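Input: one structure, supplied below.
The values are calculated or read from the model by the stated rules, or taken from the named source; none is laboratory data. Quick caveat, the model's predicted, so the values are computed rather than measured. Please note: Cβ atoms are built from the backbone with ideal geometry, for glycine as well, and neighbour counts cover all protein chains shown. In case anyone asks, the SASA skips ligands and DNA or RNA and just uses the protein heavy atoms, side chains included. Shrake-Rupley method; radii C 1.70, N 1.55, O 1.52, S 1.80 Å.
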Amino acid sequence: MIQLWVLPDEPGKPAGYRIYKADNGRITRVYGGEAGQEETIDSRTLIDVARLEAGQEISVARPFPAYMTGGQGKANGETVEDGALVRGEQLEFKALEEAQLILVHTQTSHAQ
């Protein structure tokens, strides 16, 4: 289990929480998105949990930090493993074994 705490975009906005199940082989959005949608708490900050099978690849084409919370992989050609923090302008990631990665990035537009 992973617990994340995030400050809201607008000071004074009420606290909230959600529980998600991140499925193997998928990327699950756990925070952020447009106002009015009900899948996640709306925010310009986006947090995705990637639970990847060995050999699976993902790409992120915007600035990000990512935190490895399990397994091992290659991030932009560098080997990373559990506990690694990776930052960059874009990400090419390949899981070398079953891996879990938390990706944080910002959406460019946000409807209020």
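When LEU101 is evaluated against the numbered criteria (1) surrounded by 18 or more Cβ atoms within 10 Å (Cβ to Cβ); (2) assigned to a loop (DSSP other than H, G, I, E, B); (3) not hydroxyl-bearing (Ser, Thr, Tyr), which criterion, by number, is the only one it fails?
For LEU101, the failing item is (2).
Here is a yes/no grid of residues against (1) surrounded by fewer than 17 Cβ atoms within 10 Å (Cβ to Cβ); (2) assigned to a strand (DSSP E or B):
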| position | (1), (2) |
| --- | --- |
| GLY36 | yes, no |
| ILE41 | no, no |
| GLY55 | yes, no |
| THR79 | yes, yes |
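Which count do you get for residues in region 15-39 that are more than 13 Å from the chain's Cα centre (by Cα), under 19 Å from GLN100 (Cβ atoms) and without any contact (Cβ under 8 Å) to a residue 24 or more places away in the chain?
Total meeting the criteria: 3.
How many residues, within region 43-53, are open to solvent by 20 Å² or more (accessible area, probe 1.4 Å) and either modelled with pLDDT under 95 or in contact with a helix residue (DSSP H, G or I) (Cβ under 7 Å, 6 or more places away or on another chain) (or both)?
So the count comes out to 2.
Follow-up. Which residue out of ALA35, ALA75, ALA66, ALA61 is under 18 Å from GLU10 (Cα atoms) and of a type in the set (A, V, I, L, M)?
Only one candidate qualifies: ALA35.
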